[in-house]
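The values are calculated or read from the model by the stated rules, or taken from the named source; none is laboratory data. This structure is a prediction, so every number in the text was calculated from the model and none was measured. Note that we place each Cβ from the backbone using ideal geometry, even for glycine, and neighbour counts take in every protein chain shown. To get the accessible areas, we keep the full protein, side chains included, count just its heavy atoms, and leave off ligands, DNA and RNA. Shrake-Rupley method; radii C 1.70, N 1.55, O 1.52, S 1.80 Å.
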Amino acid sequence: MVDAYAMIDAATGMSEEVCETLRDTEGIVAAHVITGDFDVMVELTGDEPHDLLETVTTTIRPLEGVGTTRTYVCID
């Protein structure tokens, strides 16, 4: 298993909607509205690193209201 965290910059007023959409998505363990440089934090999991890439590029980034993303892969 490979785990990662994705940080998402959401459009104004879209953080909660982005979270709600992602919480019901395969490969996403949890999604939270947060404070700081980003608006949403998502915990991802997959069998291979490619699974994480696919979730970010085909599920998260195309969502309305999603801007910049940063993904941090866990190494332990």
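A compact table of results
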quantity: Accessible area (Å², per residue) of the chain, counting only protein heavy atoms and a probe of 1.4 Å; calculated: 62
quantity: Inter-site label distance for residue 3 and residue 26 at 7 Å from Cα along Cβ, in nm; calculated: 2.2
quantity: Carbon + sulfur, % of accessible area of the chain - ligands and nucleic acids excluded, 1.4 Å; calculated: 49
quantity: Peptide ranges 57-69, 37-49 listed from the most packed, as the mean C-beta count within 10 angstrom indicates; calculated: 37-49, 57-69
quantity: Gain in span if fully extended, residue 37 to residue 50, counting 0.36 nm per residue against the direct Cα distance; calculated: 2.1 nm
quantity: Rounded to the nearest 20 debye, dipole of the chain from Cβ charges on Lys, Arg, Asp, Glu; calculated: 200
